[in-house]
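Please treat every number below as a calculation from the coordinates, not as lab data. All values derive from a computational prediction rather than experimental measurement. Ideal geometry is used to build each Cβ from the backbone, glycine not excepted, and the neighbour counts take in all protein chains shown.
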Amino acid sequence: MKIKQKIILSFLFVSILVIFIGFIGLYSNNIVIESFKTGEERFGPIISSSNEVSSFAKRAEGHAFLYITLHNKSDRKKAFERITSLRKELRSLEQNIKDPDAIALLNVSKSNTDKMESIIEELFKLHDNEMENNGTFDYKNHETLILKIFQLILIMQFHVD
């Protein structure tokens, strides 16, 4: 065999080998992309809902404190609307989650939502009574309730995020 033929055969062999490796790389890349798409489809709604849970909890807290500070009736209504939205997102998570540990955390979040709503209702009643009787609301008399709300929000953020 001549050197020219050996060089051409070597070149062809290396070219075929590079093309083969390229096809394997493309195939592997497609598998990785598809697995990300599948994961996004599967976990995207869960991640989105968990972010919404945290957001609605913080917004309910914010509207509650706006109400007892500024005495605006629309903030009172919005606090309860955010709690309703929070419950809706928790139900959405419940439908998408199958892991027992995640379900346990979800149940803790549900329980904390109930506690938060109860504390906000109690705080609103105290606020309304004080405003009716004294014309002012003294936060210092209700520090423990306010701190409980802060604690519940922190717990809910760390359990969900």
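Tabulated results
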quantity	calculated
Net length gained if the chain between ASP114 and SER15 were fully extended (0.36 nm per residue, minus Cα distance)	28.9 nm
FRET efficiency, ILE24 to ASN107 (Cβ-Cβ, R0 45 Å, nearest 0.05)	0.45
Evaluated at q = 0.22, 0.30, 0.31 Å⁻¹: base-10 log I(q)/I(0), Debye formula over Cα of segment 81-125	-0.74, -1.06, -1.09
Protection proxy ranking, peptides 94-105, 130-141, average beta carbon neighbours within 10 Å, highest first	94-105, 130-141
Segment 45-160 shape via C-alpha gyration tensor axes, a/c threshold 1.5	prolate
Virtual paramagnetic centre 7 Å along Cα→Cβ of THR136, amide N under 16 Å, in segment 47-84	69-71
Segment ARG87-LEU147, extension gain: residue separation times 0.36 nm, minus the distance between their alpha carbons	19.4 nm
